[in-house]
Amino acid sequence: MKSYWFDNTAGDQRENHDSGRSVDTGYLAKLGVLYRHCPSIETVDRIASERSYKNRDEIVVSPEKMGSGYEDKVKMFFNEHLHEDEEIRYILDGGGFFDVRSIEDEWVRIRLVKGDLIILPAGIYHRFTTDSQNVRRIRMHFCILDANTITPPSTSKRCGCSRTNQNGRRLIVTQK
Ligand code: KMT
Ligand code: NI
């Protein structure tokens, strides 16, 4: 795992976009984002059961698995959105980036590789992309543990003043 401020330059989302300014796990924790390196799936299972997770899925993001829809899927994952429940993501193979919004709404880029686990808090705006290795057909395989609710920014209201509560979490009000 490596986390840093996104450089906000144009160019392929799968490049590193490393501004050179790192972000430590203490700051991630302030956003409610928790990181653990888990060499074994048993640790992942234990964390999920301690936190009473009910849903579990696995996804392989690769041109082989996704066929002609691959490029569109990669673009879709990069659309900013939030989930109404906490989410665990565990990388089984390959690598990729989760970008999460900071307290000031800047992007923090989190590079994850095999064995990395992150917990995204409910309501944090984020987006995902594979890294440039995917172009070379190294697959990314990860475990999704969640309740599968996705709310794109256009259908959710952010809280008026600072848009976050004290934990850096979004206050989520879904428009009906
Ligand atoms: C998520 O929550 O895991 C993402 O937004 C990444 C795309 S879902 C495979
Ligand atoms: Ni998501």
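The values are calculated or read from the model by the stated rules, or taken from the named source; none is laboratory data. Computed from a predicted structure; not experimentally measured. Backbone-built Cβ (ideal geometry, glycine too); neighbour counts: all protein chains shown. Keep in mind that these areas ignore ligands, DNA and RNA; they rest on the heavy atoms of the full protein, side chains included. Shrake-Rupley method; radii C 1.70, N 1.55, O 1.52, S 1.80 Å.
Condition (residue is within 15 Å of ligand 2 (Cβ to nearest atom) and over 14 Å from ASP18 (Cα atoms)) applied to the range 91-98: is it met by at least one residue?
Looking through the range 91-98, at least one residue is within 15 Å of ligand 2 (Cβ to nearest atom) and over 14 Å from ASP18 (Cα atoms).
Which fully enclosed strands (runs of 3 or more DSSP E) of the range 2-116 have 2 or more residues being touching an Asp or Glu at 6+ places or on another chain (Cβ under 6 Å) and within 12 Å of ligand 1 (Cβ to nearest atom)?
87-93
Give the range 78-90 a look and list any residue that's of a type in the set (D, E, K, R), farther than 23 Å from SER22 by Cβ and surrounded by fewer than 21 Cβ atoms within 10 Å (Cβ to Cβ), or say none.
Passing the criteria: GLU84, ASP85, GLU86.
Results for (1) open to solvent by less than 90 Å² (accessible area, probe 1.4 Å); (2) free of Cβ contacts under 8 Å to residues at least 24 places away in the same chain; (3) hydroxyl-bearing (Ser, Thr, Tyr), shown as yes or no for each residue.
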| position | (1), (2), (3) |
| --- | --- |
| ASP12 | yes, no, no |
| GLU15 | no, no, no |
| GLY26 | yes, yes, no |
| ARG36 | no, no, no |
| GLU42 | no, yes, no |
| LYS54 | no, no, no |
| LYS73 | yes, yes, no |
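Among the numbered criteria (1) under 11 Å from the mean Cα position of the chain (by Cα); (2) more than 10 Å from ligand 2 (Cβ to nearest atom); (3) farther than 17 Å from VAL60 by Cα; (4) not acidic (Asp, Glu), which single criterion is violated by HIS81?
Result: HIS81 fails condition (2) only.
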